[in-house]
Amino acid sequence: MSDKHIILDPTGLYDIPSGYIRITTEVEWIQFFGVSADPCWVRGERLCKWAETWLRSWNRSEEITEIKQHPRYRLGQLFANVQLPHDWTDEQVLILTTKLDSYPQDNAIAHFLADNITNSDGQIWFADPSISHLAAWLSISIPEEYQPLERVWQQRFKEHELANYYQTENKLLFLRRWLGIAEPVFNDIGKYPLPVPDLLRQEFDSYWEQLISRTEGKVLDTLMPANQVGMEQIANCAYKVLGNRPNWINQAREAKVTPYLSYQQKQELNLNQHPPQPLPLDATPEQALAWATKDYLPFRRWEVIKQPAVAPKISDSLADSFVEWMLQHYPQMQVDSVENSYLNYSVASKVQNLCQESPVFWVVVDGLGWLDHLELLALLTNNYKLAVETAIEPRFSILPTKTEYAKWSLYAQLLPNDSAWVADAGKAFVKMGMGKRYTDRQVDKLYSALRKKAFKLYCWDTDIFDSLYHSQKDWQSLYELDCPHTLEGIAKRIDYCLQQYPNSDALRIVIASDHGQMMGTSEKVTHCPPELEAKGRMAIGKTDDTRFVVLEGDRYGLPHDISIVKGSASLGSFSYTSNKKIIGSHGGLFPEEVVVGVSVLRKSIQRLPVLVFCFGEGKPIQTGELEITIENPNSVPLTDLCLYIHELPDFQQGKLLEQEIPAHQRFSFQVILSEVPTLPSNSSENDLSLTGNLTFRFAYAEIESAALTPDSKIIINQIYSSGFDIDEFLGSNNL
């Protein structure tokens, strides 16, 4: 028996591998067959039939190794009841069949889709069917040429309980219906369980902005956030619309959206154009910081952004009350120990203490004011999923609010009147006694040090944010474009640095600053007194000019007397607008220059369960009282509280609570119920169980919720009706 091998290819489509003798005619068959020991490849339908007959007549059929099938037939078997596209050529079919042959044959199409659909997680093509799997698959956009393969893949789930949904012929329409932005809305299996997919994000936003505008905000009245897909995006749409239509804002609508807004957005929406009261001169440092961060700064930002042309600004006069407070109280705050001080140099002491527990990455962002710090935290927690370990705490910048003084003191933990003071922050950092400081020009060395775990303390001192204010000439674009872009870049670099550290879970990130910036544009002071050396909103020297306030060196801890411009004007700047206004000046005493923050983050933190207990009492259809007790065992406060209670009309749509629950505390407070419900007719008890949940944020960051404890209830002092008629009883006894 011959050991020769023959491949018959009646399709003529397959490439002939090297080492085979090519036979395409009877003449070539006679010429080559049997002459060489090499295997033969016979091509062509008629010739293959002839060769097969010839071999059979000579009892040599066993020499046929393979008869090539047409790839369309082979692919048709794989596709089963899914029809092959009519416009696929034989060559295309062969290429696809060859690719599929290279994969494990038990699941070749799933392997093909995993390798070729680059905008998806490859594992989705192998995962078991579920509601979340269905949601993720619907969000994947498939190129048209691969859609027939996807339809074959869909057949895998024909016997599953979700089969009808997996067999959809229009994925995008089904997805739009499930997101609620196309009719008829689909909610048979609950709300869409994932974030709004990127491919429909713009359409989703447009739909909700139009719906909120068209209904004048009324659509928010019946919205149930816990059951609504894309609630964070809807809240941002509401913020945009209601920000321009403040007359559409009411408490119920605020309650729906504010838990999903950033701190600044919440404050602006809540302002509704009502300015705060001036800061009392007898306020404590803690009260002054609370006034600046919660009242003044949000209003100042709203006024500067929403009413840039209005002058004089209400917030200017409010800032004057803060200036007067600072002049009186700053000298007293210097007396406190550094570690316990409200002044910003206490941050360095905090960093040193943290270094005793774990390595620290200290990010000092020059010129980062309080509101900008909040924006940076939002980027780090939302985009890069870092967790806040210690909520942002306000501090008073060291005076004057210029880098050469404020940053030197931040590192040195000394006031600028110390004999060691020089206008060089690098020389102050050595007083930390540990770690190393890196500027923007040394980030390559910072990355290397992190990879090697070289220190307990790594300090990135960046001035890329502050430099924006020294170069930009248009405030609106600076605020709307350049600042957000730069903060995003800082957040991205922080995340990159975290990735360089081998044990990133152990690394704490501390965010701090030296001073803030003036908001909006400022006027230029004309005719600077000759005895002063101008430097932005301050000047070295002492003057009797009433346009200035003087900080005496010995009283305010300074190396020399300094004069500060009253009001929002400035002596000069690095850059000016086209109409000669000043941008980005600092050195003065306005809250946005003085109040800065410090926060601590980690890659991840295990949050502990929050307990929510409610107990109320009252008479039906009358006012009553509800006591709410919230236990927070976590290291950060709970903010943006919104309580939903199904059985109480006041809470059915969600009620926004003003309280913040401090870290590691059990906190109780009372609210008035406008109307106590009646008991069900079949109730034999006078108490009604309360069910619902509390939504909140961990320190203005991650959104979470907690269900009411099972023992939550309200006592309803209701007189029961027995069904016994006293008039009938009396009447019967008179007979």
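Does any residue of region 584-593 turn out to be free of Cβ contacts under 8 Å to residues at least 60 places away in the same chain and among the acidic types (Asp, Glu)?
Within region 584-593, not a single residue is free of Cβ contacts under 8 Å to residues at least 60 places away in the same chain and among the acidic types (Asp, Glu).
Test of understanding: among 351, 335, 323, which residue is under 25 Å from residue 431 (Cα atoms) and modelled with pLDDT of 95 or more?
351
Got a number for residues in region 37-75 being part of a helix (DSSP H, G or I), open to solvent by 30 Å² or more (accessible area, probe 1.4 Å) and either of a type in the set (Val, Ile, Thr) or closer than 30 Å to residue 168 by Cβ (or both)?
4
If I ask for residues that are hydrophobic (A, V, I, L, M, F, W, C), within 29 Å of the chain's Cα centre (by Cα) and over 18 Å from residue 709 (Cα atoms), which ones from region 618-656 would you list?
Selection gives 636, 656.
Only residues that are in a helix (DSSP H, G or I) and without any contact (Cβ under 8 Å) to a residue 60 or more places away in the chain: list them for region 309-345, please.
Once the filter is applied, which keeps residues that are in a helix (DSSP H, G or I) and without any contact (Cβ under 8 Å) to a residue 60 or more places away in the chain, region 309-345 yields 314, 315, 317, 318, 321, 324, 325, 328, 329, 332.
Which helices (runs of 4 or more DSSP H) does region 128-174 wholly contain that include 1 or more residues that are open to solvent by less than 60 Å² (accessible area, probe 1.4 Å) and at pLDDT below 85?
Of the helices (runs of 4 or more DSSP H) lying wholly inside region 128-174, those with at least 1 residues that are open to solvent by less than 60 Å² (accessible area, probe 1.4 Å) and at pLDDT below 85 span 147-154, 163-166.
Residue check: is residue 195 open to solvent by 40 Å² or more (accessible area, probe 1.4 Å), farther than 21 Å from residue 241 by Cα and either assigned to a helix (DSSP H, G or I) or not hydroxyl-bearing (Ser, Thr, Tyr) (or both)?
Considered against the rule, which asks whether it is open to solvent by 40 Å² or more (accessible area, probe 1.4 Å), farther than 21 Å from residue 241 by Cα and either assigned to a helix (DSSP H, G or I) or not hydroxyl-bearing (Ser, Thr, Tyr) (or both), residue 195 comes out as yes.
Answer yes or no: is there a residue in region 330-351 that is charged (D, E, K, R), closer than 27 Å to residue 422 by Cβ, out of contact with any Gly (no Cβ under 6 Å at 6 or more places or on another chain) and open to solvent by less than 20 Å² (accessible area, probe 1.4 Å). Outline the logic, then answer.
So in region 330-351, the residues charged (D, E, K, R) come out as 336, 339, 350.
With closer than 27 Å to residue 422 by Cβ added as a condition, the list becomes 336, 339, 350.
With out of contact with any Gly (no Cβ under 6 Å at 6 or more places or on another chain) added as a condition, the list becomes 336, 339, 350.
Now drop any that are not open to solvent by less than 20 Å² (accessible area, probe 1.4 Å), which leaves none.
No, region 330-351 contains no residue that is charged (D, E, K, R), closer than 27 Å to residue 422 by Cβ, out of contact with any Gly (no Cβ under 6 Å at 6 or more places or on another chain) and open to solvent by less than 20 Å² (accessible area, probe 1.4 Å).
Could you check residue 356 against (1) touching a residue at least 12 places away in the same chain (Cβ under 8 Å); (2) closer than 28 Å to residue 501 by Cα and say which number it fails?
With respect to (1) touching a residue at least 12 places away in the same chain (Cβ under 8 Å); (2) closer than 28 Å to residue 501 by Cα, residue 356 is out only on (1).
Pick from 251, 264: which is open to solvent by 40 Å² or more (accessible area, probe 1.4 Å) and modelled with pLDDT under 80?
Checking each option against the conditions leaves just 251.
Is there any pair linking a residue in region 441-452 that is over 19 Å from residue 358 (Cα atoms) to one that is of a type in the set (Val, Ile, Thr), with Cβ under 9 Å and at least six apart or on different chains, and which?
Partner pairs satisfying both residue conditions: 443/462.
Go through region 267-287 and report how many residues are modelled with pLDDT under 75 and either touching a Leu at 6+ places or on another chain (Cβ under 9 Å) or assigned to a helix (DSSP H, G or I) (or both).
5
Considering only region 471-486, how many residues are in a helix (DSSP H, G or I) and in contact (Cβ under 8 Å) with a residue 12 or more places away in the chain?
The total comes to 9.
May I ask you to verify whether residue 232 is of a type outside the set (Val, Ile, Thr), open to solvent by 20 Å² or more (accessible area, probe 1.4 Å), in a helix (DSSP H, G or I) and more than 27 Å from residue 643 (Cβ to Cβ)?
no
Given the criterion in a strand (DSSP E or B), at pLDDT 90 or above, basic (Lys, Arg) and farther than 16 Å from residue 690 by Cα, identify the matching residue among 607, 666.
Exactly one residue qualifies, and that residue is 666.
Within region 569-599, track down each residue that is among the polar types (S, T, N, Q) and modelled with pLDDT of 90 or more. Let's see the steps before the verdict.
Restricting attention to region 569-599, the residues satisfying the condition of being among the polar types (S, T, N, Q) are 570, 573, 575, 577-579, 585, 599.
Across region 569-599, the qualifying residue is only 599.
Within the group 392, 398, which residue is in a strand (DSSP E or B) and either of a type outside the set (Phe, Trp, Tyr) or out of contact with any strand residue (DSSP E or B) (no Cβ under 6 Å at 6 or more places or on another chain) (or both)?
Just one listed residue meets the conditions, 392.
Run residue 27 past the list (1) open to solvent by 70 Å² or more (accessible area, probe 1.4 Å); (2) of a type in the set (Val, Ile, Thr); (3) not in a helix (DSSP H, G or I) and report the number of the one that doesn't hold.
(3) is the only condition that residue 27 fails.
Could you tell me whether region 617-633 includes any residue that is out of contact with any Pro (no Cβ under 6 Å at 6 or more places or on another chain), buried (at least 17 other Cβ atoms within 10 Å of the Cβ) and in a loop (DSSP other than H, G, I, E, B)?
Filtering region 617-633 for residues out of contact with any Pro (no Cβ under 6 Å at 6 or more places or on another chain) gives 617-633.
So of that shortlist, the ones also buried (at least 17 other Cβ atoms within 10 Å of the Cβ) come out as 617-618, 624, 626, 628, 630-632.
Narrowing the set further to residues that are in a loop (DSSP other than H, G, I, E, B) leaves none.
Checking region 617-633: not a single residue is out of contact with any Pro (no Cβ under 6 Å at 6 or more places or on another chain), buried (at least 17 other Cβ atoms within 10 Å of the Cβ) and in a loop (DSSP other than H, G, I, E, B).
The conditions are (1) surrounded by fewer than 18 Cβ atoms within 10 Å (Cβ to Cβ); (2) under 27 Å from the mean Cα position of the chain (by Cα); (3) polar (S, T, N, Q), and residue 258 fails exactly one of them. Which is it?
Exception for residue 258: condition (1).
Can you name every one of the strands (runs of 3 or more DSSP E) wholly within region 493-574 that holds 3 or more residues which are under 27 Å from residue 420 (Cα atoms) and touching a helix residue (DSSP H, G or I) at 6+ places or on another chain (Cβ under 7 Å)?
Numbers: elements: 508-512, 533-535, 538-540, 548-551, 562-565.
Counting at least 3 such residues, we get 508-512.
For (1) crowded, with 20+ Cβ neighbours inside 10 Å; (2) under 29 Å from residue 305 (Cβ atoms), each residue gets a yes or a no:
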residue	(1), (2)
425	yes, no
433	no, no
445	no, no
449	no, no
459	yes, no
469	yes, yes
487	yes, yes
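Filter region 481-497 down to residues that are more than 18 Å from the chain's Cα centre (by Cα) and under 22 Å from residue 456 (Cα atoms), then give me how many there are.
Going through region 481-497 one residue at a time, the tally reaches 1.
Could you tell me whether residue 384 is free of Cβ contacts under 8 Å to residues at least 60 places away in the same chain and open to solvent by 40 Å² or more (accessible area, probe 1.4 Å)? Talk me through it step by step, then tell me what you get.
Details: free of Cβ contacts under 8 Å to residues at least 60 places away in the same chain: no; open to solvent by 40 Å² or more (accessible area, probe 1.4 Å): yes.
Criteria not met by residue 384.
Name the one entry in 701, 706 that is open to solvent by less than 50 Å² (accessible area, probe 1.4 Å), within 30 Å of residue 604 (Cα to Cα) and at pLDDT below 90. Talk me through it step by step, then tell me what you get.
On the way: 706 fails: at pLDDT below 90.
Only one candidate qualifies: 701.
Residue by residue, here is whether (1) over 42 Å from the mean Cα position of the chain (by Cα); (2) farther than 17 Å from residue 466 by Cα; (3) surrounded by fewer than 17 Cβ atoms within 10 Å (Cβ to Cβ) holds:
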| residue | (1), (2), (3) |
| --- | --- |
| 510 | no, yes, no |
| 513 | no, no, no |
| 528 | yes, yes, no |
| 548 | yes, yes, no |
| 557 | no, yes, no |
| 561 | yes, yes, no |
| 567 | no, yes, no |
| 580 | no, yes, yes |
| 589 | no, yes, no |
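The values are calculated or read from the model by the stated rules, or taken from the named source; none is laboratory data. This one's a predicted model, so the numbers in the text were calculated from it and none came from an experiment. Here the Cβ is made from the backbone with ideal geometry for all residues, glycine too, and neighbour counts use every protein chain on show. Side chains are part of the model used for accessible areas, which takes the heavy atoms of the whole protein and leaves out ligands, DNA and RNA. Shrake-Rupley method; radii C 1.70, N 1.55, O 1.52, S 1.80 Å.
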